[in-house]
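Q: Sharing a structure here in structure tokens format.
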Amino acid sequence: MDKLIIKGGNRLKGTVTISGSKNASLPICIAAVLAPGASTISNVPQLRDITTTVKLLESLGAVIERNGSTLQIDAGPINTVEATYDLVKTMRASVLVLGPLLARFGRARVSLPGGCAIGARPIDQHLKGLKALGAEIRLEHGYVEAISKKPLKGARINFDISTVGGTEHLMMAAALAKGESVLENAAREPEIVDLADYLNRMGAKIEGAGTDTIRVLGVNELSPAAYEVMPDRIEAGTFMIAAAITGGDVRIQGMKLEHLDALCFKLQDAGVEITNKDGVVRVKGPKRPQAVNIRTRPYPGFPTDMQAQFMTLMCVADGASVISENIFENRFMHVSELQRFGADITIEGNSATVKGVRKLSGAPVMATDLRASASLVLAGLVADNTTEISRIYHLDRGYEHLEAKLTGLGASIERVQES
């Protein structure tokens, strides 16, 4: 097992290029199941979750070739509709194969999902929507079995909560249903727009992605397509905070700033200078950030996937800030590790009060989930002395070549094998 060793105190400077979006790549690769034949998906990051997705699709019979950041997915040879526990347990997004398999083959059997331990993320909204489309659903022995003896039929689906995975799942299934489906209270994230654009490239008829009402007019069949995945807005946001927390001056290429409006407003309130010229975003950190309150919300609100990183910035801010987590109930697991750096954080319910300190001190810490891992790296960048971060396999699920990119900006960070 690997760990990261970081010697803090270096001011980050230079240029970094953002990889393709993990959260967009996963459903887009899975959507390739809907069309027999070979789709070509480019700008796919080289991450553990992508490797898991490839193994999952290959276990179904798909033939996949990888050339750098490009995947060719031939879904024609798919010969089974069962996704086993061994593959699904490590990545929650695996459950998204249920809808496409059901829509194309009339049945599917998929293990209940796993992933980061950041709170309950039930799939009841997914199953509610599939039932509305005409599927029979059974839960037994840790598996979801869906059967549709007739082609799926368009329906009006009103989500009880805004769910990214549920919106993606039902959008894919409805693409091959008979008639029109209307998804109400749909999630609005840019990754959903990216999936809709890919499905439309395949021949789907989807309107309204990016709003809370999505209309899907089902078609008889979809065709393979070539598509380039959007840049990863969470990776981009993490590098913005890396520049801010080190008082750095970093140019970020390949990101879409409009996907991070809520984060940008809060960073600017904290004293961070952000400019966007010719597609390159420049982030200049202050000598010391100012304390700012945040509340996580569904998009376009402040993203829960940036909460841990922003909390780390507030750990060294001037003043006290209150960070409220409104999406996942267990997403403060990084707090105890940040406290090992000397951070002053107290938790009450779903809110954390962070009193900024002038210095963090390097410490041995342990990653608990993907975004918590990133928060510990950020703390290590600004802390005195040396930080050792173990269990970094979480990082490898969501950040492509993170230590190499940070090293290119002047950080002292090294990956070593734990004894």
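The values are calculated or read from the model by the stated rules, or taken from the named source; none is laboratory data. The structure displayed is predicted, hence computed values, not measured ones. Every residue, glycine among them, receives a Cβ derived from its backbone with ideal geometry; neighbour counts consider all protein chains shown.
Q: I'm trying to understand the selection: among the residues of segment 341-368, which are closer than 16 Å to GLU388 by Cα, in a strand (DSSP E or B) and β-branched (Val, Ile, Thr)?
A: VAL365
Q: Looking only at segment 11-23, which residues are assigned to a loop (DSSP other than H, G, I, E, B), of a type outside the set (Ser, Thr, Tyr) and in contact with a helix residue (DSSP H, G or I) (Cβ under 7 Å, 6 or more places away or on another chain)?
A: Answer for segment 11-23, where residues must be assigned to a loop (DSSP other than H, G, I, E, B), of a type outside the set (Ser, Thr, Tyr) and in contact with a helix residue (DSSP H, G or I) (Cβ under 7 Å, 6 or more places away or on another chain): LEU12, ILE18.
Q: Then there's this: For segment 356-396, enumerate the residues that are over 30 Å from THR51 (Cα atoms), in contact with a Ser or Thr (Cβ under 8 Å, 6 or more places away or on another chain) and not aliphatic (A, V, I, L, M).
A: The answer is GLY356, GLY362, ASP384, ASN385.
Here is a yes/no grid of residues against (1) buried (at least 16 other Cβ atoms within 10 Å of the Cβ); (2) closer than 18 Å to PRO27 by Cα:
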{"position": "GLY142", "(1), (2)": "no, no"}
{"position": "THR163", "(1), (2)": "yes, yes"}
{"position": "ASP194", "(1), (2)": "yes, yes"}
{"position": "TYR198", "(1), (2)": "yes, yes"}
{"position": "SER223", "(1), (2)": "no, yes"}
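Q: Take the conditions free of Cβ contacts under 8 Å to residues at least 40 places away in the same chain, of a type outside the set (Lys, Arg), crowded, with 18+ Cβ neighbours inside 10 Å and touching a strand residue (DSSP E or B) at 6+ places or on another chain (Cβ under 7 Å) and apply them to ILE389. Does it pass?
A: The answer is no for ILE389.
Q: Quick check on this structure: which one of ALA291, ALA236 is more than 25 Å from THR346 (Cα to Cα) and at pLDDT 95 or above?
A: ALA236
Q: Tally the residues that are at pLDDT 95 or above, polar (S, T, N, Q) and under 20 Å from THR238 (Cα atoms), restricting the search to segment 355-389.
A: Residues in segment 355-389 being at pLDDT 95 or above, polar (S, T, N, Q) and under 20 Å from THR238 (Cα atoms): 2 in total.
Q: Only one of (1) at pLDDT 95 or above; (2) of a type in the set (A, V, I, L, M); (3) in a loop (DSSP other than H, G, I, E, B) fails for VAL182. Which number is that?
A: (3)
Q: Here's a follow-up. State all residues of segment 24-66 that are assigned to a helix (DSSP H, G or I) and without any contact (Cβ under 8 Å) to a residue 60 or more places away in the chain; if no residue qualifies, say none.
A: CYS29, ILE50, THR51, THR52, THR53, VAL54, LYS55, LEU56, LEU57, GLU58, SER59, LEU60
Q: Same structure, new question: Which numbered condition in (1) in contact with a strand residue (DSSP E or B) (Cβ under 8 Å, 6 or more places away or on another chain); (2) of a type in the set (S, T, N, Q); (3) crowded, with 19+ Cβ neighbours inside 10 Å is the only one that THR346 fails?
A: (3)
Q: Specify which of the listed residues (PHE332, PHE302, PHE310) is of a type in the set (Phe, Trp, Tyr) and touching a Ser or Thr at 6+ places or on another chain (Cβ under 6 Å).
A: PHE302
Q: Does any residue in segment 208-221 that is assigned to a loop (DSSP other than H, G, I, E, B) come within less than 9 Å, Cβ to Cβ, of a residue that is polar (S, T, N, Q) six or more places away or on a different chain, and which pairs are these?
A: Sorted first by the residue in segment 208-221, then by its partner, the pairs are ASP212/SER162; ASP212/ASN185; GLY218/SER181.
Q: From the list GLY37, GLY76, which one is at pLDDT 95 or above, of a type outside the set (Val, Ile, Thr) and at positive phi?
A: Testing whether each residue is at pLDDT 95 or above, of a type outside the set (Val, Ile, Thr) and at positive phi leaves just GLY37.
Q: Now for a different question. Name the residues in segment 4-40 that are surrounded by fewer than 22 Cβ atoms within 10 Å (Cβ to Cβ), not assigned by TED's automatic domain parsing to the domain that holds GLU58 and not β-branched (Val, Ile, Thr), would you?
A: Within segment 4-40, LYS7, GLY9, ASN10, ARG11, LYS13, GLY14 meet the criteria.
Q: While we're looking at this one, here's another question. Within segment 41-53, how many residues are at negative phi, surrounded by 17 or more Cβ atoms within 10 Å (Cβ to Cβ) and not basic (Lys, Arg)?
A: Residues in segment 41-53 being at negative phi, surrounded by 17 or more Cβ atoms within 10 Å (Cβ to Cβ) and not basic (Lys, Arg): 8 in total.
Q: Can you tell me which residue within segment 205-233, out of those that are hydrophobic (A, V, I, L, M, F, W, C) and in contact with a Phe, Trp or Tyr (Cβ under 9 Å, 6 or more places away or on another chain), is farthest from LYS178 (Cα to Cα)?
A: Here the residue is VAL229.
Q: With the condition kept exactly as written, say whether any residue in segment 399-411 is assigned to a strand (DSSP E or B) and modelled with pLDDT of 95 or more.
A: Within segment 399-411 (the criterion being assigned to a strand (DSSP E or B) and modelled with pLDDT of 95 or more), the answer is no, since none of the residues qualifies.
Q: Taking only segment 1-55 into account, find how many residues are over 21 Å from LEU199 (Cα atoms), touching a Lys or Arg at 6+ places or on another chain (Cβ under 8 Å) and of a type in the set (Gly, Ala, Ser).
A: Adding up the residues that qualify gives 1.
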